[in-house]
Amino acid sequence: MSTAHASALEAPATSRVKGYWKEYNSSVFSLLVFLLIWELVCRLGFISRFQLVPPSEVIVVMIEKFWTAPPDGATLFTHIAASMTLALVGFCAAVVVGVPLGLLMGWYKPVMVLVRPLFDAVRPIPPIAWIPLAILWLGIGIEAKAFIIWLAAFVPCVINSYIGIKLTNPVLIRVARIYGASNWETFIKIGVPSAVPMIFTGLKLSLNAAWTTLVAAELLAASEGLGYMIQMGRRLARPDIIIVGMLTIGFTGALMSYVLTKIESRIASSRRL
Amino acid sequence: MHHLSRITFIVLALVLTMGICSAQAKDEIRVSGQPCLHGLPTWWAIEDGWTKDKNIDLTYTLFPSGAPQVEALAADQWDVGAMGTVPTMMAILRYGAKLIAISNDESETNDLWVRPDSPILKTKGFNPKYPEIYGKPEDWKGKKILVTTVSTVHYALDATLKALGLTEKDVEVVNIEQGQAVTAFASSQGDVVCLWAPFSYTAESKGWKKVSSGARSGAMIPGGVVVRKDFAEKHPDLVVEWLDLYMTALDRMRTDKAGSGVWLNKYFAGYCGLQLPESAIKSEFELRPIFSVEQQVKALTAPDEASAWMKGVADFFAGQGRITKADMADLEKSNFGIDASFMKKVQEKRAAKK
């Protein structure tokens with residue numbers, strides 16, 4: 001009996017592992033095919049090497065960039081550290097302001113009435129358009145660059161927190177009130193926990209926005225950073241440097257998003273209502 | 001009979017149409033430029049109808065700066081064009097473009113500015129070899145300098161620091177784009193700002209003081225007129241035809257500054273969306289020496305002129321680690337892409353007309 005029971009339990013687990021490997025292999029395969037096509041397109045001369053360099057050369061340049069500063073003036077580690085600092089400062093500031101604001105807007109109507117017109121007016125303005133004002137208000141240091149990132153990252157934080165708390169189960173709210181909970185207590189103990197999954201979705205979108213705005217932010221008086229590296233590659237007509245910068249932004253952004261997903265799975269699962 | 005006359009009429013109409021079409025089929029030359037003095041000649045030629053009687057049709061594309069212009073060259077989007085020294089060098093190095101003329105000498109319009117209360121203004125001519133540079137080394141040390149790095153004005157800054165016996169390690173260099181540099185400096189950021197025209201005119205209008213420039217520090221900055229490699233090889237006659245028009249405009253700019261100023265103003269205000277005061281338009285001709293055909297031929301062939309000027313810029317880039325030794329060797333091997341043959345043909349063409 002025990003053997004039959006064990007094999008019955010193992011069967012779905014084995015098929016899950018098999019499914020995972022199949023999915024994993026398919027992803028790796030598609031990536032390899034993409035890289036192979038890219039390499040062939042360059043090597044066979046379909047695209048000039050001045051327009052696109054083969055991935056093998058990009059990898060070589062990427063490895064070299066870990067310890068050499070030329071031609072863009074800093075090593076890849078320095079660029080990654082500068083960009084990560086900038087992205088995290090902007091992102092954290094956006095979370096600190098955006099999440100509470102979105103929650104308050106969703107729970108308290110007067111807050112929504114007060115803030116929403118301004119938020120709706122600011123939201124569609126592309127962060128890059130703020131650069132001249134950012135210089136006037138905050139100078140040319142990290143504050144101005146972080147402000148540009150903050151603007152991009154702030155919007156998803158607000159919207160998702162707002163929607164998250166708006167979707168709180170009304171039955172839970174009624175139960176809390178029947179048991180004598182105040183509006184603030186209901187907000188903290190029912191509204192906020194129920195909004196956590198949506199807040200995390202907002203955080204992921206926000207982190208994504210922070211990384212995509214990096215190049216724009218580093219247009220503003222930067223001497224290092226991945227966005228700066230791309231600009232230097234452009235000025236020096238070096239597509240390999242541009243691609244290394246782009247790929248590094250992609251990898252670093254994906255890594256940070258992965259970390260955030262792990263944090264979400266720990267927090268959101270324990271607090272979901 | 002009636003049928004025959006109808007057929008005759010159709011055939012005649014076809015022949016006439018084909019004749020008109022063939023008469024209208026002109027060779028297209030795609031020209032690129034920037035909102036700068038060196039962009040004016042082609043635009044002027046188009047607007048003033050200089051190509052009406054010629055067998056060429058010019059199309060003009062405006063680029064905000066050198067980087068996108070070079071990218072468009074790589075994508076075969078234009079055939080000939082005028083640009084700054086750095087994009088010219090990159091176009092030669094990466095895409096085999098040829099330098100066929102010097103649009104103007106930009107050494108004085110790549111300049112360094114301070115606010116009127118700057119201590120740098122207290123001394124002038126510390127190094128007698130460079131009497132027009134302001135400040136002593138102590139005045140410059142530790143200063144925050146706003147500059148667009150990997151540019152001609154960065155080259156002018158480097159030459160200025162060298163003239164004072166300093167290096168970039170003695171100051172704080174902040175990389176910033178030109179428009180942002182003006183905004184930042186106006187809001188009290190930085191101690192020195194490095195600009196090029198037309199941003200320099202904004203600096204002048206704000207009361208900032210010029211403390212050095214490429215010309216004052218011995219850095220020669222030639223504006224480049226380049227041709228795409230393929231186009232030069234396949235259509236050398238068209239290149240000469242266009243270059244002749246370009247030189248006609250340069251000749252007028254040298255000899256009739258007032259008349260050319262009207263066109264420059266039209267180009268800046270009407271086409272590029274740049275509103276410059278009359279004094280700035282005047283300065284464009286005063287501060288940027290323009291070469292005649294004879295001077296161009298000499299500059300492009302003499303070893304101490306165009307090739308030496310380009311080498312100066314290339315040495316600076318190599319010293320900064322922006323280009324490799326192999327890149328430098330390629331540039332030297334190609335004599336910095338300089339090709340005087342087109343300008344010589346323009347000279348011959350003009351001599352034959354006389």
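The values are calculated or read from the model by the stated rules, or taken from the named source; none is laboratory data. Because the structure is predicted, anything quoted here is derived from the model rather than measured. Cβ placement follows ideal geometry from the backbone for every residue including glycine, while neighbour counts extend to all protein chains displayed.
For segment A:113-161, residues that are hydroxyl-bearing (S, T, Y) and more than 24 Å from the chain's Cα centre (by Cα) total 0. Just to be sure before I move on: is B:L112 away from chain A (no Cβ under 14 Å) and at pLDDT 95 or above in the structure I sent? Yes: the conditions hold for B:L112. Within segment B:206-221, can one find any residue that is within 17 Å of B:I46 (Cβ to Cβ) and either of a type outside the set (D, E, K, R) or crowded, with 17+ Cβ neighbours inside 10 Å (or both)? Within segment B:206-221, none of the residues are within 17 Å of B:I46 (Cβ to Cβ) and either of a type outside the set (D, E, K, R) or crowded, with 17+ Cβ neighbours inside 10 Å (or both).
Picking from residues in segment B:52-105 that are part of a helix (DSSP H, G or I) and without any contact (Cβ under 8 Å) to a residue 24 or more places away in the chain, the one that is surrounded by the fewest Cβ atoms within 10 Å (Cβ to Cβ) is B:P68. Tell me yes or no: at least one residue of segment A:80-101 is buried (at least 16 other Cβ atoms within 10 Å of the Cβ), assigned by TED's automatic domain parsing to the domain that holds A:T213 and more than 23 Å from the chain's Cα centre (by Cα). Within segment A:80-101 (the criterion being buried (at least 16 other Cβ atoms within 10 Å of the Cβ), assigned by TED's automatic domain parsing to the domain that holds A:T213 and more than 23 Å from the chain's Cα centre (by Cα)), the answer is no, since none of the residues qualifies. Taken together, the residues in segment B:26-49 that are of a type outside the set (S, T, N, Q) and surrounded by 18 or more Cβ atoms within 10 Å (Cβ to Cβ) amount to 13. Look through segment A:48-67, keep the residues that are within 13 Å of chain B (Cβ to nearest Cβ) and within 28 Å of the chain's Cα centre (by Cα), and return whichever of them is surrounded by the fewest Cβ atoms within 10 Å (Cβ to Cβ). Looking at the filtered set, the residue picked out is A:E64.
The set of residues from segment B:137-162 being surrounded by fewer than 20 Cβ atoms within 10 Å (Cβ to Cβ) and in contact with a strand residue (DSSP E or B) (Cβ under 8 Å, 6 or more places away or on another chain) comprises B:G142, B:K143, B:K144. Looking only at residues of segment B:196-209 that are of a type outside the set (G, A, S) and in contact (Cβ under 8 Å) with a residue 40 or more places away in the chain, we find that the one that is nearest to the other protein chains (Cβ to nearest Cβ) is B:W196. Restricting segment A:207-231 to residues that are facing chain B (nearest Cβ under 7 Å) and surrounded by fewer than 22 Cβ atoms within 10 Å (Cβ to Cβ), the residue that is modelled with the highest pLDDT is A:S223. Of the helices (runs of 4 or more DSSP H) lying entirely inside segment A:111-184, those carrying at least 1 residues that are in contact (Cβ under 8 Å) with a residue 60 or more places away in the chain and within 13 Å of another protein chain (Cβ to nearest Cβ) are A:131-138, A:142-166. When restricted to residues that are away from chain A (no Cβ under 14 Å) and out of contact with any Asp or Glu (no Cβ under 7 Å at 6 or more places or on another chain), segment B:162-195 contains 7. Looking at this structure, is B:T123 outside the structural domain of B:V240 (by TED's automatic domain parsing) and over 23 Å from B:E305 (Cα atoms)? Here the answer is yes, as B:T123 does meet what is asked.
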